[in-house]
1. Mind checking whether some residue in region 285-300 is part of a loop (DSSP other than H, G, I, E, B), open to solvent by 20 Å² or more (accessible area, probe 1.4 Å), closer than 23 Å to CYS357 by Cβ and in contact with a helix residue (DSSP H, G or I) (Cβ under 8 Å, 6 or more places away or on another chain)?
2. Select from region 175-193 the residues that are on the phi < 0 side of the Ramachandran plot, modelled with pLDDT under 95 and open to solvent by less than 70 Å² (accessible area, probe 1.4 Å) and list them in ascending order.
3. Need at least 3 residues that are within 30 Å of LEU361 (Cα to Cα) and over 28 Å from the mean Cα position of the chain (by Cα) per element, so show me which helices (runs of 4 or more DSSP H) inside region 46-142 make the cut, counting only ones lying wholly within it.
4. Restricting to region 183-203, what's the tally of residues that are in a loop (DSSP other than H, G, I, E, B) and of a type outside the set (Ser, Thr, Tyr)?
5. Hey, which of the helices (runs of 4 or more DSSP H) in region 204-280, taking only ones fully inside, have at least 2 residues that are at pLDDT 95 or above, more than 17 Å from LEU297 (Cα to Cα) and touching a strand residue (DSSP E or B) at 6+ places or on another chain (Cβ under 9 Å)?
6. Name the pairs: first residue in region 68-88 and farther than 16 Å from HIS47 by Cβ, second residue open to solvent by 70 Å² or more (accessible area, probe 1.4 Å), Cβ to Cβ under 6 Å, at least 6 apart or on different chains?
7. Out of region 143-154, which residues are more than 23 Å from ARG66 (Cα to Cα), open to solvent by less than 30 Å² (accessible area, probe 1.4 Å) and part of a loop (DSSP other than H, G, I, E, B)?
8. Given (1) open to solvent by 10 Å² or more (accessible area, probe 1.4 Å); (2) at positive phi, where does CYS78 come up short, assuming only one miss?
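The values are calculated or read from the model by the stated rules, or taken from the named source; none is laboratory data. Since this is a predicted model, take the numbers as computed values, not measurements. Glycine also receives a Cβ, built like all others from the backbone with ideal geometry; neighbour counts cover every protein chain displayed. Side chains are part of the model used for accessible areas, which takes the heavy atoms of the whole protein and leaves out ligands, DNA and RNA. Shrake-Rupley method; radii C 1.70, N 1.55, O 1.52, S 1.80 Å.
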Amino acid sequence: MNKHHDMTGPTDDRQQITLRTPAELADALPYVLGYHPTDSIVLVALHGNRGRFGGRVRLGIPQSPREWPPVAEQLAECLIEGCERRGSRPDGIVVFLCQDPAEGETGRHVMERLRPLAQRLRTACGSFDVPVYEALCISDGRLWSYCCPDSRCCPPEGSVLALPGTSVMAAAAAYAGIRVRGSLRDLEERLRPWRSGAAGEQGSALDAASAALVPRILDAEHREEVRTETIRLARRVMRRLQEKPVAPEPVTADAHDDALIGHEEAAAMIVGLQDRTTRDRAAEWMEGPEAAPALRLWRALARRCVGAYGEHAAAPLTLAGWVAWSTGDEPSARIALGMALQADPEYVFARLLHQACNEGLDPESLRACLREERGARAAFGARAAARRPRTRPARVPAAGRRSPGRPDQGAAPRRPDRGGSVPAAGRRPDGATVRARTRAARRTGERGGRSGR
């Protein structure tokens, strides 16, 4: 179950379409959310006498029916209180239950199985004195109403949904520039870790990178070096991605991007981004020509967080959500940020961005903050370079020159790395060790930062 729901603000009143039937409501749902919901509970608030669409909230359907009562209460409370914070209590709610049939099931079986959940949602909304005007189940290309008893308009076998792109709603959405980005399942798949044979090679690369970089991140003397190396590597890979055209098909585009990034490169960036300051610097690539290759990079890195490194995906997923939100793609942003919170429910940066995006806030305030920090850091670097004295290379005395076949008596011994013990090559640390290293690395950086983690 996705415990981190998506909530959006009211729709634009300038584009108005009258929806009269349950089928028209079902057809409008993907355009309201920006994608086709799969395995989802969706609640949409209605306002005024004409039932204007307002806020909406989405959550994955819990597998266990025992979870349905508290989930129904949570969703109803979240939607109604969210609308009240924006100044308008909803006058009614429409409930959608969207789920594909399991093996051996039909759409009607799904509808009957989810009937108690629909009733729980209706009761929960009613406890806040907000009625549910309609509750619909969408499954296997058909639609059922839990509220309408008239078999003439809502037959027991369900109503066939209109073909995508053929309805009045589809035409109006195309005219308004609103597009559906595919199904929720497809959008999430672009961000999920690899399950192919290459996952083993990527896991080995992550083991090696963790052993090499985490001790340096924890060491104050070497931390800034790792930050610089990570940012430089990310910039180099972004340039590589930018030079290659993007395929129109998402699956092909992602495979193309994956082929352009080596296992060791991906592992070094994933581990490096566990440092909070490094991640915040990477968040500055959120607009202009940097945004598109940055989003492709963060998606690719999220797919590389395989095996025991699933929690590491919180950083690239949060960055992907931030860039998507900053560039106006709110549906994709909510999905990425929700998945970041699945990877690490305590990841503060993702929680703050997820809440801000759901509250309908303008990302420009955060963009301005990042621009200011980027400019201040550039100015500080320029002043430091101007103050740096120019020195001539020192001449080596004859007495200090190294004789062939003899050790250098004047050379200082190499200091061992103070980051702790390093696992033997090829040995993969267990999940507890990986999580402990991740949390320790994330605690580095200045305290009191804007994003916490």
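1. yes
2. If the condition is that a residue be on the phi < 0 side of the Ramachandran plot, modelled with pLDDT under 95 and open to solvent by less than 70 Å² (accessible area, probe 1.4 Å), then ALA176, VAL180, ARG181, SER183, LEU184, LEU187, GLU188, ARG190 are the ones that fit.
3. By residue number, 115-127.
4. Adding up the residues that qualify gives 7.
5. Helices (runs of 4 or more DSSP H) meeting the threshold: none at all.
6. TRP68/ARG120; PRO69/ARG120; ALA72/ARG120
7. CYS154
8. The one condition CYS78 does not meet is (2).
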